[in-house]
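Accompanying notes for the structure given below.
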Amino acid sequence: MWLEKISLLNFKNYEELELSFSEQINCLVGENGSGKTNLLDAIYYLSLTKSAFSTTEAQNIRHQAPFFMVKGLIHKNDHDYQIQFSVQGGQKKVGKNNGVNYDRLSEHIGSFPVVLITPDDTDIIKGGSEIRRKFFDGLISQIDSVYLENLINYNHVLKQRNSLLKQFAENNNYDSDLLDSYSDQLLDFGAKIYAYRKAFVSSFFPTFIAHYDNISGQKETVKITHQSDFASGNYRKDFFQTYQKDLVLQRTTKGVHKDDFDFEINGFPVKKYGSQGQQKSFVIALKLAQFDIMKLEKGIKPILLLDDIFDKLDDLRIAKLVEMVAHHSFGQLFVTDARPERTQTIFQPIEAEKKVFVIQQGTVIDESFM
Ligand SMILES: Nc1ncnc2c1ncn2[C@@H]1O[C@H](COP(=O)(O)OP(=O)(O)OP(=O)(O)O)[C@@H](O)[C@H]1O
Ligand SMILES: [Mg+2]
């Protein structure tokens with residue numbers, strides 16, 4: 001699978017852009033703030049129907065413009081797909097595949113997998129549990145649409161249950177039958193999500209360890225443990241026992257929306273005790289395992305987006321990654337770098353088609369094969 005063309009209208013700092021990419025390696029170079037990450041984000045958008053960085057759609061629309069559009073031509077298994085997403089300020093997002101509108105954008109997710117590696121990824125280790133859930137949910141959703149459906153349903157019921165708890169508090173009344181009906185639905189969707197996550201972590205783990213050992217060059221005991229209220233054999237009973245607490249706090253305090261994934265090296269949490277190098281190895285191994293799992297499940301190599309990773313990685317880890325690129329472990333690759341000469345040095349020796357795009361203030365001022 002590969003992205004041949006992209007066109008952007010008013011996406012972030014791009015007013016208008018049309019590019020043709022290489023099927024293999026694409027290097028996006030340019031000064032800080034020129035638009036390298038924004039271009040990767042547009043590619044991410046074509047796959048996941050949302051930005052990897054912006055929290056609202058409004059942030060994706062170029063300042064003062066009324067709308068944005070991201071369009072891409074993707075080749076997959078001898079078929080061509082013209083994918084398009086657009087958002088008109090304040091209106092619902094529209095997505096099209098070969099001219100046909102999606103009824104629901106979730107239908108699109110997983111069709112054209114991408115894996116993004118960015119400097120922010122250490123948040124997966126350092127940040128709160130929601131970031132780890134987002135990582136695993138994103139991954140499982142891309143390989144299993146039923147999981148995504150369950151997750152959407154769960155979040156929907158959770159929202160309803162929380163507003164009900166608020167209403168009870170505001171009106172000073174309490175309808176236990178109504179609350180029960182939401183609780184039952186939440187527990188049903190939750191049990192499925194729990195089972196999926198648990199099974200996923202065990203199948204993901206061996207791949208993760210292999211990458212960790214390779215990248216770190218060390219044999220350390222690494223561990224990923226899925227923590228969930230649903231792990232208790234009594235989760236139904238436990239859940240119903242939290243009613244009083246939920247009513248007081250006006251939100252649902254137990255459930256899979258509280259799950260976490262513990263990361264450990266040699267028996268200690270990576271978050272607290274891992275060295276910077278161990279943390280870096282850990283996140284890269286997570287992402288490469290993501291790549292492998294998606295490749296295995298989909299039968300195609302995801303597009304790999306590497307944002308500014310040369311700044312953050314030491315020579316050993318860069319060498320490991322480059323070795324994988326050289327062995328064609330990856331499919332189409334996009335790499336950003338503010339230092340063109342470094343990109344040149346790293347990729348020059350690799351035998352593959354390499355295209356370099358020089359970006360300046362939201363415009364590609366030069367493109368050439370390396
Ligand atoms: N909605 C928007 N409208 C206009 N400009 C935007 C919008 N969103 C972001 N930008 C601009 O895009 C630029 C940042 O682009 P981007 O993050 O892609 O830079 P970069 O080339 O990756 O830089 P770095 O090397 O620092 O990572 C900033 O100048 C920012 O102001
Ligand atoms: Mg950037």
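What per residue convex hull volume, in Å³, comes out for the range 146-189 when only alpha-carbon positions are used? Intermediate results must be reported in sequence, preceding the final value.
Numbers: hull volume 1.9 nm³, N = 44.
Cα convex hull per residue, to the nearest whole number: 44 Å³.
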Next on the checklist: Please compute the alpha carbon radius of gyration of the range 194-248, then divide it by the globular-protein estimate 2.2 N^0.38 Å. Two decimals is fine.
Outcome noted: 1.71
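Of the cross-linked pairs Lys134/Lys280; Lys50/Lys280; Lys298/Lys354; Lys36/Lys295; Lys134/Lys192; Lys126/Lys258, which ones have a Cα-Cα span greater than 22 Å in the structure shown?
Beyond 22 Å between Cα atoms: Lys50/Lys280; Lys298/Lys354; Lys36/Lys295.
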Next on the checklist: Please list, by residue number, every one of the GluC sites (Glu not before Pro) in the range 304-370 that is coil in DSSP and has at most 13 other beta-carbon atoms within 10 Å.
Outcome noted: Glu351, Glu353
Checklist entry - Each label point is 7 Å from the Cα along the Cα-to-Cβ direction; what then is the distance between the points at Arg251 and Glu4, in nm? => result 4.8
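Output the Kirkwood hydrodynamic radius of the range 1-159, Cα pairs only, in Å rounded to one decimal.
On the way: mean 1/r = 0.0595 Å⁻¹.
About 16.8 Å, per the Kirkwood formula over Cα pairs.
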Item to check | Derived scalar couplings ³J(HN,Hα) [the range 93-98; Karplus, 6.51 cos²θ - 1.76 cosθ + 1.60; whole Hz; x for Gly, Pro] | outcome: 5, 10, x, 10, 10, 6
Item to check | Angle between the chain longest axis and helix 315-326 axis [Cα atoms, degrees, rounded to 10] | outcome: 80
Checklist entry - Cα-based Rg of the range 124-299 per 2.2 N^0.38 Å, rounded to two decimals? => result 1.18
Checklist entry - Taking only protein heavy atoms and a 1.4 Å probe, what accessible area per residue, in Å², does the range 4-162 have with all protein chains in place? => result 45
Item to check | Solvent-accessible heavy-atom area per residue, rounded to whole Å², over the range 228-274 at 1.4 Å | outcome: 57
Checklist outcome for this item: In degrees, nearest 10, the alpha-carbon axis of helix 276-298 is tilted away from the dominant principal axis of the alpha carbons of the chain by 90
Checklist entry - Between the DSSP loop rule and a limit of at most 10 other Cβ atoms within 10 Å, which trypsin sites (Lys or Arg not before Pro) in the range 1-97 are left? => result Lys92
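For the chain, with all protein chains present and a 1.4 Å probe, just round the carbon and sulfur fraction of the accessible area to a whole percent.
Carbon and sulfur: 48 percent of the exposed surface of the chain.
Exactly which trypsin sites (Lys or Arg not before Pro) in the range 161-262 are in a DSSP loop and have at most 11 other Cβ atoms within 10 Å?
Within the range 161-262, the qualifying trypsin sites (Lys or Arg not before Pro) (loop, at most 11 other Cβ atoms within 10 Å) are Lys219.
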Item to check | Against the rule of thumb 2.2 N^0.38 Å, how large the Cα Rg of the chain comes out | outcome: 1.07
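The values are calculated or read from the model by the stated rules, or taken from the named source; none is laboratory data. If you're wondering where the values come from, they're calculated on a predicted model, not measured in any experiment. Quick reminder, even Gly has a Cβ in these numbers, built from the backbone with ideal geometry, and neighbours come from all protein chains shown. For the accessible areas, the whole protein counts, side chains as well, though only heavy atoms, and no ligand, DNA or RNA atoms are used. Shrake-Rupley method; radii C 1.70, N 1.55, O 1.52, S 1.80 Å.
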